[in-house]
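These notes are about the structure you will find just below.
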Amino acid sequence: MHSILPFLLSLPLSNAATLFVSHYSGTVNTVTFTPPASASTNGTLTLTQSLRTCGQQPAFLAFDSASRTLYCTDEWAYPQGSLTAIAAPAGGQLSEITKVNAVGGGLANGLYGGTNGSGFIAVAHYQTSTLSTFALPLTRSSTAQQTIKLTQSGPGPNPSRQDAPHPHATFPDLDNRFLLAPDLGGDVIRIYRVDGRGMLTECAGAKTAPGAGPRHGVWWVSPSGEKVLFVVNELGNSITGWRANTPMTGSTACLTLTSISTISAYPNGGAAPRGAKAAEVRVHGNNLVTSNRADKSFGGDDSMATFRILGDGRLEMTGFTSAYGSYPRTFDVSRDGAWVVIGDQTSSNLAVVERDVETGVLRRLVARLDVGTKGRPEAEDGLSSVLWDQ
């Protein structure tokens, strides 16, 4: 008989956890996850609130746990978009604090700078080839502190997707001295030095392989203390590891990145199915997970891939499992590493799966919930973002 003790030890300390979920129809929602009571039972997902907020197309959420504030970008492009601050009190109801005008076409946003790493927020505007920054907290009178229009010399190898710069995310380095922005259109990871006022000064970027289309990134620190950035490449359906070379302090110092290796998001280094698009990437411990959209690898459902991170920053695939829905645009790993919540955009559902905290491999589906109206393939609708309250 197998003991369920390891399973019980992996359960979160609380009986339930909160999820924040955005939907392209114009809502930000809270969902409660109650974990399974045993290895032979399922958990539950329950919609607890749906707040109409964040403009016409809520695209991505960032959460400042210190101030209990959600920041939501509106992807609507014309004539402009918006950035919304939402109060998220522990155990309470979401409420809109303020909504300010922003450049259109906003996608992922990232907190950076200040004494605690959340003094400012940077937004990647995909459609309008722009980065914008705002000082926090947002107020009714807040305007963009900086607006940076990106340029490139010509189209990339995939001209239909790389006709212009298309920044897809923003996030700081581990020392909170630089801001990075993967540019899918330009095949470059753009790097900016951050000063005490949150102002950005461009450094030389890190060029990816032609046609890679870098999308999102996440940091990992090796046992020897090396800082490694893993970037998921949407067009190349791959993950690249980059070694960070952090300079000494100075007003002209710039972070540089050196490529370590690139690995396919599919088993045995295989090519992605036609039309597939790698989406999100997360690291927990010494393991990495990424999501793959539109590959229909599991009877119409798309896929998740897991990797072991080796000591030198290279990746080794450990698992390839179902996303339990269509178009897994977003997912998040719980703080204790026991659960992964997957946000499937087109099927507009959440799926919570068990995660082996030692190997990082994804196990069985324990809960599933439809949220809002279903999306259409390749359209800006359906479920857009999910985060654990952590």
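The values are calculated or read from the model by the stated rules, or taken from the named source; none is laboratory data. Please read these numbers as outputs of a predicted model, since none were measured by experiment. Methodologically, a virtual Cβ is constructed for each residue, glycine included, from the backbone with ideal geometry; neighbour enumeration extends over all protein chains shown.
Conditions (1) of a type in the set (Ser, Thr, Tyr); (2) part of a strand (DSSP E or B); (3) at pLDDT 95 or above, marked per residue:
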| position | (1), (2), (3) |
| --- | --- |
| Pro12 | no, no, no |
| Asn15 | no, no, no |
| Phe20 | no, yes, yes |
| Ser40 | yes, no, no |
| Leu45 | no, yes, yes |
| Cys54 | no, no, yes |
Residue pairs qualifying under the 7 Å Cβ cut-off, at least six apart or on distinct chains, with the first in region 158-182 being on the phi > 0 side of the Ramachandran plot and the second being among the small types (Gly, Ala, Ser) and modelled with pLDDT of 95 or more, are Asn176/Gly113
Subset of region 200-233 (residues that are surrounded by 23 or more Cβ atoms within 10 Å (Cβ to Cβ) and outside any strand (DSSP E or B)): Thr208, Ala212, Gly213
Identify the single condition in (1) modelled with pLDDT of 95 or more; (2) surrounded by fewer than 15 Cβ atoms within 10 Å (Cβ to Cβ); (3) within 30 Å of Thr32 (Cα to Cα) that Gly119 does not satisfy, given that it satisfies every other one. (2)
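Evaluate the following for Val341: is it closer than 21 Å to Glu226 by Cα and in a strand (DSSP E or B)? Full working, then the answer.
Details: closer than 21 Å to Glu226 by Cα: no; in a strand (DSSP E or B): yes.
No: the conditions fail for Val341.
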Matching residues in region 234-254 (assigned to a strand (DSSP E or B), over 15 Å from Leu315 (Cα atoms) and in contact (Cβ under 8 Å) with a residue 60 or more places away in the chain) number 1
Please work out if Ala351 is surrounded by fewer than 24 Cβ atoms within 10 Å (Cβ to Cβ) and among the small types (Gly, Ala, Ser). no
Condition check: in a strand (DSSP E or B) and either more than 22 Å from the chain's Cα centre (by Cα) or among the acidic types (Asp, Glu) (or both). Does Val100 satisfy that? yes
In region 314-329, which residues are of a type outside the set (S, T, N, Q) and either surrounded by fewer than 19 Cβ atoms within 10 Å (Cβ to Cβ) or closer than 18 Å to Asn268 by Cβ (or both)? Arg314, Leu315, Glu316, Met317, Gly319, Phe320
Within region 62-81, residues of a type in the set (D, E, K, R), more than 21 Å from Ser129 (Cβ to Cβ) and part of a loop (DSSP other than H, G, I, E, B) come out as Arg68
Positions within region 284-328 being in a strand (DSSP E or B), closer than 22 Å to Asp381 by Cβ and over 19 Å from the mean Cα position of the chain (by Cα), in sequence order: Asp301
Boolean, Leu288 is over 26 Å from Ser385 (Cα atoms) and surrounded by 21 or more Cβ atoms within 10 Å (Cβ to Cβ): no
Please verify whether Thr258 is among the hydroxyl-bearing types (Ser, Thr, Tyr), in a strand (DSSP E or B) and farther than 25 Å from Asp295 by Cβ, treating the condition exactly as stated. yes
If a residue has to be over 16 Å from Leu229 (Cα atoms) and among the acidic types (Asp, Glu) to count, how many in region 148-177 make the cut? 1
